[in-house]
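All remarks here apply to the structure that follows.
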Amino acid sequence: MNEERLNIIKEKLNGLGVEFYDVNGTPGIITSPENVLKICDILKNDGSISFEQCRDTVGVDRFAKKNRFEVIYSLYSLKYRDRIFVKVIIEDNKKPETPTLTNLWNSVNWYEREAYDMFGIVFTGHPDLRRIYMPEEFEYYPLRKDFPLMGIPGSINLPKK
Amino acid sequence: MPHTVYEKLKNNDPSIPKSKILEALESQDLSLEFNDALENEMVLNMGPQHPATHGVLRLLLSLDGETIKKAVPDLGYLHRGYEKLAENMSYHEFIPHTDRLDYLQPVANNIAYTLAVEKLLNLEIPERSKYLRTLSAELGRIQSHLIAYGTTVMDTGGLTPFLWAMREREKILDIYDMYIGVRFTTSYSRIGGVAQDITDEAIAAILKFTDEFPGYLKEMRDIIERNRVFVDRLEGIGYMSKEDVINYGITGPILRATGVDCDLRKDSPYLAYDKVDFDVPTTTESDSLARFWIRFEEMYQSAKIIRQCIEKMPKGPVNALSPKKSLPNKEKIYTKMEELIHDFMLINFGQNPPVGESYGAVESSKGELGFYIISDGSGKPFRTKIHSPSFCNLQAIPVMLKDSLISDSVVIIGGIDPVMGEADK
């Protein structure tokens, strides 16, 4: 992404309290669950920015006392052929919640289900927040750092022989 | 005198006890139930063990007669938790695991992963290894598209083209055997370069392959291009509008079949793609037939890229000379002290990249394949996220299947060309 375009984005997002970070050359935006909907709405629908596709959602468990969970959206612009990341830092450790972006991009549906399945991050307003890989009755969130690598014995009901 | 069991049954011989199913069938008034069944909606479970789903994809179809009203995909039958595994091993150790994601073209996975790690380590790889990676990735693309070609034709009833495709694929596997050393799970790309240099024998085999391949492709095209059975089964099936395709985050041949020439090889050239000349085929029909022919055209382009790679490849080393980041040469490990120490440190404790985040992506045969890696400065990645194209593309299945027939679901899944190893991670 060139300097000029980044400046336009910075200008449009002015006043929403965003910080910028760098993913080896690709810019990223750091924001909070309160502002993410507004920011993403501008990023998608503003003609001079125009990120038409959301290609991925990355859940992160920092395993820290504060700001434990993060959600990173990877947005791609077909008009300008470049990428931006939007990182949402969730303050609440016990009940991680952030608004869903399914109203903006349909693709987010499954990505957020995956983040919910793996980290237990609840996306409020999501139309179909079910587990996607693990069975429905599974009680744990396997990609959290406090879930052991070897799994928990008895956590999955296997068919009897 | 009745002899067989069947005759005894037919004559209501009391010596044979009637089975419960038979009794139930006889006691039913069939004319009533038959009409009810037509009015009811039916739920059909397709998969996970179904030959047409190309893996362990499970679909729940809600049917009205033979028309699909709703479809719900169910994933996770091949979930092996690779993201969790990646957090618990060093960067180098994870490379063989990437082979098992998209097992139809393992090379692209290796490359995408090592690109992400190299960006994190700030490591520049030698020019020759860039060309070698490009070459092997394009061979992988042909390998994957041949399977897509063969299975799509086989799903519509033609067995011969599938065998032709497998014959060509076998040649690619033999070439892999010559210069990578294995046929299937390649692990070719390494952090800082590639596993080994290409041999003259392999170059000769590749040149022979690229000479003959367009001729065979023409044969494969001729046998089905004007075949009514094949074209009618695919034309207009699985249509998805351009807006939907973009909104569902779909990449690869499905996106290019809507007229968007989005290809990471052109948009943000990595490796040696900015030094070779190739086209990105697009059409605007956005149905299964268009996706099929886009994949077919890409095979021509790949053969062209392979040819150019061999012609333009410079001489030189294939591994970066950076002892703290890239593994040293095997011969030197056995003879030199310094290299032995570096090898010991890298194998046991791993590379220690600076704290930060990186994203490396390639255009695989199915779409954008990327790895988002977060490092906390230790020898193991803090988080590795696999962005797999099959997972993203499968999300479009309910849209494509809506209001189509059950028999068309087979070609629609074939048109998406999913690999469940990648979709389920």
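The values are calculated or read from the model by the stated rules, or taken from the named source; none is laboratory data. Computed from a predicted structure; not experimentally measured. Backbone-built Cβ (ideal geometry, glycine too); neighbour counts: all protein chains shown. Accessible surface is based on the protein model in full, side chains and every heavy atom, while ligands, DNA and RNA are left aside. Shrake-Rupley method; radii C 1.70, N 1.55, O 1.52, S 1.80 Å.
From the list B:Thr258, B:Thr282, B:Thr251, exactly one residue is in contact (Cβ under 8 Å) with a residue 60 or more places away in the chain, under 30 Å from A:Asn2 (Cα atoms) and not in a helix (DSSP H, G or I). Which is it?
None of the others qualify; the one that does is B:Thr251.
What's the number of the condition B:Glu297 fails, among (1) over 23 Å from the mean Cα position of the chain (by Cα); (2) without any contact (Cβ under 8 Å) to a residue 40 or more places away in the chain?
Of the numbered conditions (1) over 23 Å from the mean Cα position of the chain (by Cα); (2) without any contact (Cβ under 8 Å) to a residue 40 or more places away in the chain, the odd one out for B:Glu297 is (1).
From the residues in the range A:27-38 that are closer than 23 Å to B:Gly370 by Cβ and open to solvent by less than 30 Å² (accessible area, probe 1.4 Å), which one is farthest from the other protein chains (Cβ to nearest Cβ)?
Within the range A:27-38, the match that is farthest from the other protein chains (Cβ to nearest Cβ) is A:Val36.
Test of understanding: among A:Phe63, A:Phe69, which residue is more than 8 Å from every other protein chain (Cβ to nearest Cβ), farther than 26 Å from B:Gly367 by Cβ and open to solvent by less than 40 Å² (accessible area, probe 1.4 Å)?
Residue meeting the stated conditions: A:Phe69.
Go through the range A:80-109 and give me each residue that's basic (Lys, Arg) and either within 12 Å of the chain's Cα centre (by Cα) or facing chain B (nearest Cβ under 10 Å) (or both).
Listed by number, the residues that qualify are A:Arg81, A:Arg83, A:Lys87.
Give the residue, chosen from B:Gly350, B:Gly370, that is facing another protein chain (nearest Cβ under 9 Å) and in contact with a His (Cβ under 8 Å, 6 or more places away or on another chain). Give the steps one after another, and end with the answer.
Working: B:Gly350 fails: facing another protein chain (nearest Cβ under 9 Å).
The match here is B:Gly370.
Which one is nearest to the other protein chains (Cβ to nearest Cβ) among residues in the range A:110-161 that are open to solvent by 30 Å² or more (accessible area, probe 1.4 Å) and under 14 Å from A:Thr57 (Cα atoms)?
A:Tyr116
Are any residues in the range B:75-107 basic (Lys, Arg) and within 14 Å of chain A (Cβ to nearest Cβ), and if so, which ones?
B:Arg80, B:Lys84
Go over the candidates B:Ile206, B:Ile224, B:Ile250 one by one and state the one that is touching a Cys at 6+ places or on another chain (Cβ under 7 Å) and β-branched (Val, Ile, Thr).
The unique qualifying residue is B:Ile250.
Tell me which residues, restricted to the range B:63-81, are in a strand (DSSP E or B), open to solvent by less than 50 Å² (accessible area, probe 1.4 Å), modelled with pLDDT of 85 or more and over 13 Å from B:Met420 (Cβ atoms).
Selection gives B:Thr67, B:Ile68, B:Ala71.
I want to confirm something. Restricting to the range B:35-62 and keeping residues that are among the small types (Gly, Ala, Ser) and assigned to a helix (DSSP H, G or I), which single residue is modelled with the lowest pLDDT?
Result: B:Ala37.
Can you name the residue in the range B:350-396 that is charged (D, E, K, R) and farther than 23 Å from A:Phe69 by Cα and is also surrounded by the most Cβ atoms within 10 Å (Cβ to Cβ) among such residues?
It comes out as B:Lys366.
So which of B:Leu115, B:Leu139 ends up being crowded, with 22+ Cβ neighbours inside 10 Å and within 14 Å of another protein chain (Cβ to nearest Cβ)?
Numbers: B:Leu139 fails: within 14 Å of another protein chain (Cβ to nearest Cβ).
Answer to the check: B:Leu115.
How many residues are under 30 Å from A:Asp146 (Cβ atoms) and open to solvent by 20 Å² or more (accessible area, probe 1.4 Å) if we restrict to the range A:72-105?
Residues flagged as under 30 Å from A:Asp146 (Cβ atoms) and open to solvent by 20 Å² or more (accessible area, probe 1.4 Å) within the range A:72-105 amount to 8.
I'm trying to understand the selection: among the residues of the range B:378-413, which are under 22 Å from B:Ala361 (Cβ atoms), outside any loop (DSSP other than H, G, I, E, B) and either more than 13 Å from chain A (Cβ to nearest Cβ) or not polar (S, T, N, Q) (or both)?
Within the range B:378-413, B:Arg383, B:Lys385, B:Ile386, B:His387, B:Pro389, B:Phe391, B:Cys392, B:Leu394 qualify.
Just a yes or no: is a residue in the range B:213-226 over 25 Å from B:Glu363 (Cα atoms), without any contact (Cβ under 8 Å) to a residue 12 or more places away in the chain and either part of a loop (DSSP other than H, G, I, E, B) or open to solvent by less than 50 Å² (accessible area, probe 1.4 Å) (or both)?
Yes; the residues of the range B:213-226 include at least one that is over 25 Å from B:Glu363 (Cα atoms), without any contact (Cβ under 8 Å) to a residue 12 or more places away in the chain and either part of a loop (DSSP other than H, G, I, E, B) or open to solvent by less than 50 Å² (accessible area, probe 1.4 Å) (or both).
Please enumerate the residues belonging to the range A:44-58 that are more than 8 Å from every other protein chain (Cβ to nearest Cβ) and either more than 15 Å from A:Ile29 (Cβ to Cβ) or open to solvent by 10 Å² or more (accessible area, probe 1.4 Å) (or both).
The answer is A:Lys44, A:Asn45, A:Asp46, A:Gly47, A:Ser48, A:Ser50.
Is it fair to say A:Asp41 is surrounded by fewer than 22 Cβ atoms within 10 Å (Cβ to Cβ), modelled with pLDDT under 90 and touching a strand residue (DSSP E or B) at 6+ places or on another chain (Cβ under 8 Å)?
no
Is it the case that some residue within the range B:251-269 is surrounded by fewer than 20 Cβ atoms within 10 Å (Cβ to Cβ), under 21 Å from the mean Cα position of the chain (by Cα), hydroxyl-bearing (Ser, Thr, Tyr) and over 24 Å from B:Val399 (Cβ atoms)?
Scanning the range B:251-269, I find no residue that is surrounded by fewer than 20 Cβ atoms within 10 Å (Cβ to Cβ), under 21 Å from the mean Cα position of the chain (by Cα), hydroxyl-bearing (Ser, Thr, Tyr) and over 24 Å from B:Val399 (Cβ atoms), so the answer is no.
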